[in-house]
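The structure appears right after this line, and notes come after that.
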Amino acid sequence: MSVEENKVIFHRVIDELWNQQKFEVCDELFAADHESPSAPGLPAGPEGVKAIASMFLAAFPDLKVDIEIEVADGDMVGGRLRQRGTHTGPMVSPTGTIPASGKPVNFTEVAMLKIADGKVVTSWYWTDMIGLLTQIGVISGPPSARG
């Protein structure tokens with residue numbers, strides 16, 4: 001597939017899965033053996049993607065994702081994402097479930113997808129969890145710099 005075709009897949013993942021919450025698109029866009037090293041322990045393939053997306057969207061049902069920077073080279077495509085939403089549902093984390101705070105969030109994430117034969121085979125995500133957890137009140141922000 002061309003770089004331009006891979007970009008279309010990246011945009012569809014963001015627009016259709018995350019912004020429109022069309023989980024069925026996972027079956028079309030993700031390979032049966034898809035893996036995400038960023039989320040170990042999830043099932044392989046589209047079912048794992050649906051699981052992580054449904055958990056996150058349950059915590060932030062009004063989540064909107066914008067692509068701020070896009071990069072693509074060969075079979076790799078990704079970029080810097082801006083995510084905005086409201087924490088109105090429980091958020092599952094490695095240390096337990098975080099109850100809804102009702103607080104708005106605005107944080108960034110870097111995503112990189114490897115595409116083969118028109119499907120995402122591997123996905124990596126680096127999320128600003130410190131910023132996100134600070135905004136929902138789980139951790140305190142850094143002390144202000146005072147001289």
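Data table
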quantity	calculated
Residue ranges of strands (runs of 3 or more DSSP E) in region 23-138 with at least 1 members surrounded by 13 or more Cβ atoms within 10 Å (Cβ to Cβ) and among the acidic types (Asp, Glu)	30-35, 64-73, 104-116
Cβ-Cβ under 8 Å pairs, at least 6 apart or on other chains, region 74-98 side in contact (Cβ under 8 Å) with a residue 24 or more places away in the chain, far side basic (Lys, Arg)	Asp75/Lys114; Met76/Lys114; Val77/Lys7; Gln83/Lys64; Gly85/Lys64; Thr86/Lys103; His87/Lys103
The listed residue being within 18 Å of Arg12 (Cα to Cα) and in contact with a Lys or Arg (Cβ under 8 Å, 6 or more places away or on another chain), out of Val105, Val121, Val71	Val121
Qualifying residue in region 46-63 (condition: over 24 Å from Asp128 (Cβ atoms) and either touching a helix residue (DSSP H, G or I) at 6+ places or on another chain (Cβ under 9 Å) or of a type in the set (S, T, N, Q) (or both))	yes
Region 10-49: number of residues that are touching a Lys or Arg at 6+ places or on another chain (Cβ under 9 Å) and among the polar types (S, T, N, Q)	1
One residue from Ile14, Ile52, Ile9 being among the aliphatic types (A, V, I, L, M), within 20 Å of Ala116 (Cβ to Cβ) and under 11 Å from the mean Cα position of the chain (by Cα)	Ile14
Identity of the residue in region 38-53, in contact with a strand residue (DSSP E or B) (Cβ under 6 Å, 6 or more places away or on another chain) and under 22 Å from Arg80 (Cα atoms), that ends up modelled with the highest pLDDT	Val49
Out of Gly131, Gly137, sole residue that is touching a residue at least 12 places away in the same chain (Cβ under 8 Å) and over 17 Å from the mean Cα position of the chain (by Cα)	Gly137
Tally of residues being more than 24 Å from Gly89 (Cβ to Cβ) and out of contact with any strand residue (DSSP E or B) (no Cβ under 8 Å at 6 or more places or on another chain) across region 6-27	3
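The values are calculated or read from the model by the stated rules, or taken from the named source; none is laboratory data. Keep in mind the model is a prediction, meaning the values are calculated, not measured. Virtual Cβ from ideal backbone geometry, glycine too; neighbours counted across all protein chains shown.
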